[in-house]
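A.B. asks: I'd like to ask you about the structure that follows.
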Amino acid sequence: MAENIQDRIRNFCIVAHIDHGKSTLADRMIEKTGLLTNREMQDQVLDNMDLERERGITIKSQAVRLIYNARDGKEYIFNLIDTPGHVDFNYEVNRSLAACDGAILVVDATQGIQAQTLANVYLALEQDLEVFPVINKIDLPSAMPEEVKTEIEDVIGIEAEDAPLISAKQGIGIEEVLEAVVEKIPAPDGDPEGPLKALIFDSLYDSYKGVIVFCRIRDGQIRKGTKVRMMATGAVAEVVEVGYFGAGQFIPCDELSAGMVGYFTASIKNIRDARVGDTVTEDQRPCDEPLPGYKKAQPMVYCGLYPADAARYPDLRDALEKLQLNDASLFFEPETSLALGFGFRCGFLGLLHMEVILERLEREYDLDLISTAPGVVYKVYKTDGTMIELTNPSNLPDVTQIERMEEPIVSAEIMVTTEFIGSIMQLCQERRGRYISTEYIEQTRAVLHYELPLNEIIYDFFDALKSRSRGYASFDYELKDYEESTLVRMDILVNKEPVDALSFIVHTSNAYDRGRRMCERLKDEIPRQLFDVPIQAAVGGRIIARETVRQLRKDVLAKCYGGDISRKKKLLEKQKEGKKRMQIVGNVEIPKEAFMNVLKLDSGN
Amino acid sequence: MRKISIYIHIPFCIRKCLYCDFLSAPSTPDCIEQYVRALEAEIRFSPDLNGLTGAGIPDHPEIQVDTIFLGGGTPSLLTPDQLERILTTVRESYRVQDGAEISMEVNPGTADLERLQAYRGAGINRISIGVQSVDDAELALLGRIHRAGQAEKIFREARQAGFDNINIDLMSALPGQTADRWEQNLRTVCEWGPEHISAYSLIIEEGTPFAEINLPPLPSEEEDRLMYHRTQTVLAEYGYQRYEISNYARPGRACRHNCGYWTGHEYLGLGLGASSLIGDRRFKVTASMPEYLRRIRLAASGRCCGPDSNSSDSNGPELSGLDSYYEDIQQLTLRDRMEEFMFLGLRLTEGVSEAEFRRRFGNPVDAVYGPVLARHTDGGLLERTGERIRLTEKGLDLANYVMSDFLLD
């Protein structure tokens, strides 16, 4: 009997390059399975964060349970687990994939395979998932389904001949996809009678229920009252509620058994007790060994985060802790800046990940933040034989103590149409890239293989790539190695005082340019003071660029029309408000936004 | 004895100047007459409405008006008869002190000897002439309706009409103006010999045509300051002393009405959009003409307006009447009053009196503003004589910067 239940379960995800139509396909599948009325149907059901909707990308993996009446007359339970598409979120893709038995690969019929398509397919194949392709956007005039099929077979090496040809937008071919899920995705094959063994693939903190644990049951079953143990942390808790994922809501049920995907709550208050990737088992009847879990992602990009209002430091800490529960790849530790006060050094998977976290902190937690220049992790070998991993430029030891420094290098694959090869190669050259090879996929498209220093791509590489290829190039990278490099710390001095929050590590070949640009931009951001304020960029003790903010000579309301005092007072209040937002560095008042604007602008060319 | 000032707003002009953001608009004689009637009514009910009917009541200090100021717009659009009626109504409703300063603004394009004589006869004893510039090109640029020659003529006629207390308004930092050109304007006017000169720099206000149109380049901040500093030197040469950020006067001729604003003197504003400070309340008359006329009708007919003003409950008729007639009523707290005392008082070159601060607020000024005072004294923007606190030369240039620090958290 129990075997039968698993036979009718399909756990899968959809992988695709950004914009190839993953979310739209998910929506159509949800519609076709009739789980929702049209009224409930939001435009993109899976992407329920504002931010995702605005950027059109999926950030946070989520799951939904669908009921499908197949052509064979049976009712199937589909657990569709959403995965993020961007390169920064490989880690999250990984943990989503671990809960699946198969994957649908969506490829755009007009664009063919892109860099992230490859990256995600390889991740799925590494997890031993069954992958079948569907060709999307066949309604567009420029669709070339046959060519794309050939490409999939040649480049990825999976069967594509009978791939469903669909238009998720128009609702064409969705039935085919659903049938293919039944036919091609293997059913789970866990042991329903064995000891509980479940993988935590995500979690969410709810202030009423505590931690909501998203899990895939491999063996056994879990129900209200089950006493569970997290194998890595050793935490024990009694299950209060189990359920599955409706569209955008949690639907309680009696039990989850082998093969199922769902959630449980157990009044777990400490966010660290239920780590994503851990295995859940029964306290009294534990399984032999935990599931393999998956490789924990290492943060690659770091920056300092400070509350604009110092009093909100504890709020920032709470917010980071909560976000970390949902996003184990987020790293943070307290740090202090002379310029910005108390804050945190935070580590991210990439720049997009950083932006997403910043926006979530500001929107969901209503925090006003100042972030320092993003940097990568440098290895600093000291003359005394020790090595430090440098995440904060301020901690760079004195030059006399440094034997050598190493910076992270990534292997990058850039997929581009041949007409743009020249300009993309030039871009990589400017970014200190090392050319490895060019691989032609077809006559007009090629993959460029480059090795690039990570710190050259964390700012604006992606934007530059897009603009130099009219949007056609796609890009993926992975950390390769550390290499020795001639790096220096650039200090920015305002009125002769170094501003620690603005220091950054830079390759000697770029130092002059970056320093000059920072000074120019800072000049526009610092309001005039009562004296001339020099702004300088320095490497070691040497000044390499300078600008001056001329002193304020006039700040007076010449004609103050007598009676109307409130108008004058409003003016002064505004001015006073402005002063409050100032950070005093040395004896110069710098608006907090200045830090943010300068750092943001630094990404420009 | 309680002294108050009266401000009367005349919101009409022949044509709006291109830089002007005051409450005024072109109008017809009929409309002006309708407004003057409303104003007369307002003056009549204003003592009751504002609790200023103290005269004769035991324990109530006698109230005297010590200054009256008619501003605009262009008050000189009023016919002598209209002006006479307004001032007569004020005298019938309030006790106007002997020797009260009674000023009005005069636009050189709207007056002549006959009119000035009539104004003088009605009791006006100080006029302020909006000359702005004595260069025809600059006047045209500003959109003024008069020419330089007219301004000088009006000044002479004012003297002839018997005015011995005259202010000339001049504007510096005009588009394309140089410091030398400005000095020329100053010297020309000084030669006329007015008692008072207001010399302020042009401010381009949002919403005015000046903010929209293409103008010759404005003088740089350095030039603007050079003009201000030269103003002081040149005017000093002719015996004028700076007593406020933009105001200069011969000894004893500072504008008493204006000084009142900076020293917390009570004033009652009458007419469209006028602001008042009575007791420890600030409030305004509506800035909408139809609404103004409606409220006047209501208030004049029933001595009240608004739905609950007839009720004699604990609110007291005074407050409910005030409430329904005025707008933006603000009850000043101790904090507001201390802030205002400082940031308004510092507009005067003599600054604020430490003893007066202590008398009014019960605390030495250092107990409230110690750190701010120390910072700006050290920074050379404020100076303390022991008795007074005032802005230094440099502090006057950066007045807002200093004043905003006197707002309390």
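The values are calculated or read from the model by the stated rules, or taken from the named source; none is laboratory data. No experiment lies behind these values; they were computed from the predicted model shown. Quick reminder, even Gly has a Cβ in these numbers, built from the backbone with ideal geometry, and neighbours come from all protein chains shown. Ligands, DNA and RNA are stripped out before the accessible areas are found, and what is left, the full protein with its side chains, is counted by its heavy atoms. Shrake-Rupley method; radii C 1.70, N 1.55, O 1.52, S 1.80 Å.
A.B. asks: Can you tell me which residues in the stretch A:576-595 are crowded, with 19+ Cβ neighbours inside 10 Å and outside any strand (DSSP E or B)?
C.D. replies: Across the stretch A:576-595, the qualifying residues are A:Lys592, A:Ala594, A:Phe595.
A.B. asks: If you don't mind, another one. Which pairs turn up if I take residues in the stretch B:276-294 that are among the basic types (Lys, Arg) and look for partners that are assigned to a helix (DSSP H, G or I) with beta carbon separation below 7 Å, at least 6 apart in sequence or on another chain?
C.D. replies: Listed by first residue and then by second, the contacts come to B:Arg282/A:Ile565; B:Arg282/A:Ser566.
A.B. asks: Got at least one residue in the stretch A:292-304 being surrounded by 18 or more Cβ atoms within 10 Å (Cβ to Cβ) and over 25 Å from the mean Cα position of the chain (by Cα)?
C.D. replies: Within the stretch A:292-304, not a single residue is surrounded by 18 or more Cβ atoms within 10 Å (Cβ to Cβ) and over 25 Å from the mean Cα position of the chain (by Cα).
A.B. asks: Which members of the stretch A:542-575 meet the condition of being more than 17 Å from B:Ile203 (Cβ to Cβ), facing chain B (nearest Cβ under 7 Å) and crowded, with 18+ Cβ neighbours inside 10 Å?
C.D. replies: A:Gly563, A:Ile565
A.B. asks: Are any of the residues in the stretch A:491-509 exposed (fewer than 15 other Cβ atoms within 10 Å of the Cβ) and more than 30 Å from A:Phe342 (Cβ to Cβ)?
C.D. replies: Looking for residues that are exposed (fewer than 15 other Cβ atoms within 10 Å of the Cβ) and more than 30 Å from A:Phe342 (Cβ to Cβ), one finds at least one in the stretch A:491-509, hence yes.
A.B. asks: When the stretch B:215-241 is examined, which residues are found to be of a type outside the set (A, V, I, L, M), more than 29 Å from B:Trp192 (Cα to Cα) and away from chain A (no Cβ under 11 Å)?
C.D. replies: Passing the criteria: B:Pro216, B:Pro217.
A.B. asks: How many residues does the stretch A:414-453 contain that are in a strand (DSSP E or B) and in contact with a Phe, Trp or Tyr (Cβ under 7 Å, 6 or more places away or on another chain)?
C.D. replies: 8
A.B. asks: Something else: Might you let me know whether the stretch B:389-400 holds any residue that is touching a residue at least 12 places away in the same chain (Cβ under 8 Å), of a type in the set (Gly, Ala, Ser) and farther than 29 Å from B:Gly269 by Cα?
C.D. replies: Yes, there is a match, as at least one residue in the stretch B:389-400 is touching a residue at least 12 places away in the same chain (Cβ under 8 Å), of a type in the set (Gly, Ala, Ser) and farther than 29 Å from B:Gly269 by Cα.
A.B. asks: Looking for something within 14 Å of chain B (Cβ to nearest Cβ) and not in a loop (DSSP other than H, G, I, E, B) - is there at least one such residue anywhere in the stretch A:497-504?
C.D. replies: No; the residues of the stretch A:497-504 include none that is within 14 Å of chain B (Cβ to nearest Cβ) and not in a loop (DSSP other than H, G, I, E, B).
A.B. asks: As an exercise: evaluate B:Ala300 against (1) among the hydrophobic types (A, V, I, L, M, F, W, C); (2) within 14 Å of chain A (Cβ to nearest Cβ); (3) open to solvent by 10 Å² or more (accessible area, probe 1.4 Å) and give the number of the one condition it does not meet.
C.D. replies: Among (1) among the hydrophobic types (A, V, I, L, M, F, W, C); (2) within 14 Å of chain A (Cβ to nearest Cβ); (3) open to solvent by 10 Å² or more (accessible area, probe 1.4 Å), B:Ala300 violates only (2).
A.B. asks: For the stretch A:38-60, check the following and say yes or no: at least one residue is at pLDDT 80 or above and buried (at least 18 other Cβ atoms within 10 Å of the Cβ).
C.D. replies: no
A.B. asks: State whether the residues of the stretch A:336-347 include one that is of a type outside the set (Asp, Glu), open to solvent by 30 Å² or more (accessible area, probe 1.4 Å) and within 27 Å of A:Gln401 (Cβ to Cβ).
C.D. replies: Yes.
A.B. asks: Follow-up. Please verify whether the stretch B:60-75 includes one or more residues that are in a helix (DSSP H, G or I), more than 14 Å from chain A (Cβ to nearest Cβ), within 15 Å of B:Tyr267 (Cβ to Cβ) and touching a strand residue (DSSP E or B) at 6+ places or on another chain (Cβ under 7 Å).
C.D. replies: No, the stretch B:60-75 has no match at all.
A.B. asks: Something else about it: If you scan the stretch B:197-214, which residues turn out to be crowded, with 16+ Cβ neighbours inside 10 Å and either more than 23 Å from the chain's Cα centre (by Cα) or within 11 Å of another protein chain (Cβ to nearest Cβ) (or both)?
C.D. replies: Within the stretch B:197-214, B:Ser198, B:Ala199, B:Tyr200, B:Ser201, B:Leu202 qualify.
A.B. asks: For B:Ala173, indicate whether it is touching a strand residue (DSSP E or B) at 6+ places or on another chain (Cβ under 8 Å) and modelled with pLDDT of 95 or more.
C.D. replies: When the stated conditions are applied, B:Ala173 does not pass them.
A.B. asks: For A:Glu255, which of the numbered conditions (1) open to solvent by less than 20 Å² (accessible area, probe 1.4 Å); (2) closer than 30 Å to A:Tyr76 by Cα fails to hold?
C.D. replies: A:Glu255 satisfies all of (1) open to solvent by less than 20 Å² (accessible area, probe 1.4 Å); (2) closer than 30 Å to A:Tyr76 by Cα except (1).
A.B. asks: In the stretch B:252-305, which strands (runs of 3 or more DSSP E) lie fully inside it and hold 1 or more residues that are basic (Lys, Arg)?
C.D. replies: B:281-284
A.B. asks: Is it the case, given these coordinates, that B:Asp81 is closer than 18 Å to B:Val106 by Cα, open to solvent by 40 Å² or more (accessible area, probe 1.4 Å) and either in the same structural domain as B:Leu298 (by TED's automatic domain parsing) or assigned to a helix (DSSP H, G or I) (or both)?
C.D. replies: Yes, satisfied.
A.B. asks: For the subset of the stretch B:374-409 comprising residues that are more than 10 Å from chain A (Cβ to nearest Cβ) and of a type in the set (Lys, Arg), which member is farthest from the chain's Cα centre (by Cα)?
C.D. replies: B:Arg375
A.B. asks: In the set B:Gly264, B:Gly273, B:Gly252, which member is away from chain A (no Cβ under 14 Å) and surrounded by fewer than 23 Cβ atoms within 10 Å (Cβ to Cβ)?
C.D. replies: B:Gly252
Conditions tested, residue by residue: (1) modelled with pLDDT of 85 or more; (2) within 24 Å of the chain's Cα centre (by Cα); (3) farther than 20 Å from A:Gln114 by Cβ.
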residue	(1), (2), (3)
A:Glu413	yes, yes, no
A:Gln426	yes, no, yes
A:Leu452	yes, yes, no
A:Tyr477	no, yes, no
A:Thr486	yes, no, yes
A:Glu497	yes, no, yes
A:Asp500	yes, no, yes
A:His507	yes, no, yes
A:Asp513	yes, no, yes
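A.B. asks: Related question: Evaluate the following for B:Ile86: is it touching a residue at least 60 places away in the same chain (Cβ under 8 Å) and part of a helix (DSSP H, G or I)?
C.D. replies: For B:Ile86, the condition - touching a residue at least 60 places away in the same chain (Cβ under 8 Å) and part of a helix (DSSP H, G or I) - is met.
A.B. asks: Among the residues that make up the stretch A:174-187, is at least one of them open to solvent by 40 Å² or more (accessible area, probe 1.4 Å), over 21 Å from A:Ile251 (Cβ atoms) and in a strand (DSSP E or B)?
C.D. replies: no
A.B. asks: So which residues in the stretch B:230-249 are loosely packed, with under 13 Cβ neighbours inside 10 Å and either not assigned by TED's automatic domain parsing to the domain that holds B:Pro194 or not small (Gly, Ala, Ser) (or both)?
C.D. replies: Within the stretch B:230-249, B:Thr233, B:Glu237 meet the criteria.
A.B. asks: I'd like to verify a number: residues in the stretch A:301-328 that are within 17 Å of A:Asp206 (Cα to Cα), in a helix (DSSP H, G or I) and aliphatic (A, V, I, L, M), how many?
C.D. replies: Residues in the stretch A:301-328 being within 17 Å of A:Asp206 (Cα to Cα), in a helix (DSSP H, G or I) and aliphatic (A, V, I, L, M): 4 in total.
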